[in-house]
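A quick write-up on the structure given underneath.
The values are calculated or read from the model by the stated rules, or taken from the named source; none is laboratory data. Source: prediction; values computed, not measured. Heads up, the Cβs are rebuilt from the backbone with ideal geometry, glycines too, and the neighbour counts pull from every protein chain shown. The protein model used for the area step is the full one, side chains on, heavy atoms only, and it has no ligands, DNA or RNA in it. Shrake-Rupley method; radii C 1.70, N 1.55, O 1.52, S 1.80 Å.
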Amino acid sequence: MGFGSRNYFQVGGKVTRIRLAPNKECGLRTINFYLQGAISAKVQEKMAPPLLHLKDIHLTFGGTPLLTGAELSLQESERLCLIGRNGSGKSTFLKIIAGLTQADSGDRFVQPGTTIRYLPQEPDLSSYQTIRDYALGGLNESDDPYRVDYLLDCLMIDGARQPVKLSGGELRRAALARVLAPEPDILLLDEPTNHLDLPTIEWLEKEVKTTKSALVLISHDRAFLSNLSRATLWLDRGVTHKIDKGFQNFEEWRDQFLEAEEQNLQKLKQKIVAEEDWLRYGVTARRKRNVRRLQDLHNLRVEHATKKRANTKADLSMRHNNAEISGKLVIEAEGLCKSFGGKKVLDNVSIRIARGDRIGIVGPNGAGKTTLIKTLLNDLKPDEGMLKLGANLSVATLDQQRHSLSPDWTLLSSLSQGTGDSVIVGGESRHIMSYLKDFMFRPEQANTPIHALSGGERGRLMLARALSIPSNMMVLDEPTNDLDIETLDLLQEMLSSYEGTVLLVSHDRDFINRIATSTLAFEGEGKWQLYAGGYNDMVAQRGYGVLATGDKKSPSLKALKQEKVKQTKKPTKLTYKQEHLLKTLPDEMAKLERDITKLNEALSDPDLYVKDSQKFQKYSQMLTNRQTMLDEMETQWLKIDELREDLSS
């Protein structure tokens, strides 16, 4: 389109203006010249050289190939999450990106002048006098030391402290200050949320979002990954696959990829069958052996065998070991108080926990979550208050620090404890190594000492120990640390089907949302409050998340509660959740009524108890649970409907 001496053309979504002399027509050659220049500039803009490029990376450990052609191209300000199973080589690949580990073969290119900072899982501060000295060690000459002080203050860690006997969380905070302070061109983070509490994790999210650094992130925290990533690199069986979408789109894409891979494997198998049939019955095959076609068939068989081996993953399996059913009331606490050195950790805490409840416990580090659990289980006597535990309570515990694992134990002895070479799981006797195979341990690891295991392997071993103990109650203290996403998915499925009671301490918001039926939140000064639903439901109900202890930048609890009361005094309409429940509860109640009818019909059989007493007890328990759920849903629906009528009038 042309207007006098100005002509406009659309190139790459933009309108480009070409200035021509007045009263002269624009020839095709001239237009072509300008358009080529505009298109070339657009292509150059998109094809800007990457900050870092890895190609065809191979690495073998102990005779086993770990990386067999992994690749990465990282552009300026790109935000990439690195996903893969435990043991797939994610941390090793991140070290190769950082230049700390040398690959056996492959190319690594970094733009000259590019600064890279790497956060290890286990930072080493032993050669520094203070935490501040360690953090300053990450700066370049031109960087401002003030940023170190700012970050140490935000992370609430004293820079003057000597780096001896620091907790896991303090080590992680110091290392974060070191890598974030210089604002590098490339930021590499390996499990940055491990050992951090929720306020610090949410602060870290905001801090990383504001940085201009290109990011490569390894984490098991789904919410953290979803909030920060814009692209996903999947390390699977030694090679990498990339999708230009954040983690929230990864799992659907992965499933489609694996399905297509399986279909291709089947097509290759069918082609081999067709070739074998030709060799047996084809006219040419009877007259003269076709050497080339035989070689092609051999190559097809080799390709199929290789892809089949690659397509076969180690399967992870989890089954819990049920104990006798506990009483309906598991824990009843009223007015619990506990103090240490004049500091109130529990102040008038009251709670009732019934069989089947899954309670998520959230609060900052130092709030007293461990003290709360020990007091509720009567492992720690309260200073004041009443505590009653239900009948037939059998507890299996997974502790955060893995204290129940001696570093000198072997994999085999950690489960046998001198009692033999078998365990009872799901009512069946199984050899210990067969059971450990469900948790992706190899038979040759039987005599491996625990101190030689990776963090993920120790996490899986703790799960294996906890699930081998007959229980009707599980206490899980930070179970998500060091576990990959697929293991967490399986743990979630297992906990969802667990008929006992679960107490879950976690800083993983997504995991709490998926597991918890109620959330017990720290309110400050020893106060704890129970909220219905998961972490997001708790935030919606009280108006804020978990606040850091002594965080002066956060609004006071009193002010927040006053604001919450002010907002809830005069509701004008139903909340989104209430409207959703008003629509969905009738269908759920109808389903429960159908289940109750079927269970009543089954229990009406007079011979059921004689034929199968366990099934009779199971059906009876299911009937009781569903009737209770139906009563609760009916009450909830009636309250919301009554509120709707009040608001409409």
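Which one of Phe257, Phe250 is closer than 30 Å to His58 by Cα, open to solvent by 10 Å² or more (accessible area, probe 1.4 Å) and not in a loop (DSSP other than H, G, I, E, B)?
Sole residue among the options that is closer than 30 Å to His58 by Cα, open to solvent by 10 Å² or more (accessible area, probe 1.4 Å) and not in a loop (DSSP other than H, G, I, E, B): Phe257.
Within segment 625-649, which residues are assigned to a helix (DSSP H, G or I), open to solvent by 60 Å² or more (accessible area, probe 1.4 Å) and free of Cβ contacts under 8 Å to residues at least 12 places away in the same chain?
Asp631, Glu632, Thr635, Leu638, Lys639, Glu642, Glu645, Asp646, Ser648
Of everything in segment 89-141 that's charged (D, E, K, R) and over 23 Å from Glu170 (Cβ atoms), which residue is surrounded by the most Cβ atoms within 10 Å (Cβ to Cβ)?
Filtering segment 89-141 for residues that are charged (D, E, K, R) and over 23 Å from Glu170 (Cβ atoms), the one surrounded by the most Cβ atoms within 10 Å (Cβ to Cβ) comes out as Lys90.
Quick one: Ala181 ticks every box in (1) touching a Pro at 6+ places or on another chain (Cβ under 9 Å); (2) open to solvent by less than 10 Å² (accessible area, probe 1.4 Å); (3) touching a residue at least 60 places away in the same chain (Cβ under 8 Å) bar one, so which box is it?
Failing condition for Ala181: (3).
I need the full set of residues from segment 516-525 which are of a type outside the set (D, E, K, R) and either modelled with pLDDT under 90 or in a strand (DSSP E or B) (or both), in order please.
Ser518, Thr519, Leu520, Ala521, Phe522, Gly524
In the set Leu233, Leu189, Leu171, which member is touching a Lys or Arg at 6+ places or on another chain (Cβ under 7 Å) and surrounded by 18 or more Cβ atoms within 10 Å (Cβ to Cβ)?
Residue meeting the stated conditions: Leu233.
Per-residue answers, yes or no, for (1) open to solvent by 10 Å² or more (accessible area, probe 1.4 Å); (2) over 19 Å from Leu204 (Cα atoms):
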residue: Ser496; (1), (2): yes, yes
residue: Glu499; (1), (2): yes, yes
residue: Val502; (1), (2): no, yes
residue: Thr517; (1), (2): yes, yes
residue: Ala532; (1), (2): yes, yes
residue: Gly545; (1), (2): yes, no
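How many residues are under 26 Å from Ser91 (Cα atoms) and crowded, with 16+ Cβ neighbours inside 10 Å if we restrict to segment 153-167?
Total satisfying the criteria: 3.
Of all residues in segment 229-238, count the ones that are modelled with pLDDT under 90 and either part of a loop (DSSP other than H, G, I, E, B) or of a type in the set (A, V, I, L, M, F, W, C) (or both).
Residues flagged as modelled with pLDDT under 90 and either part of a loop (DSSP other than H, G, I, E, B) or of a type in the set (A, V, I, L, M, F, W, C) (or both) within segment 229-238 amount to 2.
Pairs, please: C-beta under 7 Å, at least 6 apart or cross-chain, first residue open to solvent by 80 Å² or more (accessible area, probe 1.4 Å) and in segment 54-75, second outside any strand (DSSP E or B)?
Taking only residues 6 or more apart or on different chains, the pairs are Pro65/Gly238.
Return yes when Thr519 is among the hydroxyl-bearing types (Ser, Thr, Tyr) and within 21 Å of Gly327 (Cα to Cα) and no when it is not.
In short, no.
With respect to Ser434, determine if the residue is modelled with pLDDT under 75, open to solvent by 40 Å² or more (accessible area, probe 1.4 Å) and farther than 20 Å from Ala396 by Cα.
No; evaluated as a whole, the condition is false for this residue.
Residues being without any contact (Cβ under 8 Å) to a residue 12 or more places away in the chain and in a loop (DSSP other than H, G, I, E, B): count how many of those fall in segment 365-384.
3
Only one residue in Gly390, Gly366, Gly385 is modelled with pLDDT of 90 or more and either small (Gly, Ala, Ser) or exposed (fewer than 15 other Cβ atoms within 10 Å of the Cβ) (or both), so which one is that?
Gly385
Might you let me know whether segment 191-211 holds any residue that is touching a residue at least 24 places away in the same chain (Cβ under 8 Å) and more than 27 Å from Pro479 (Cα to Cα)?
Yes, because at least one residue in segment 191-211 is touching a residue at least 24 places away in the same chain (Cβ under 8 Å) and more than 27 Å from Pro479 (Cα to Cα).
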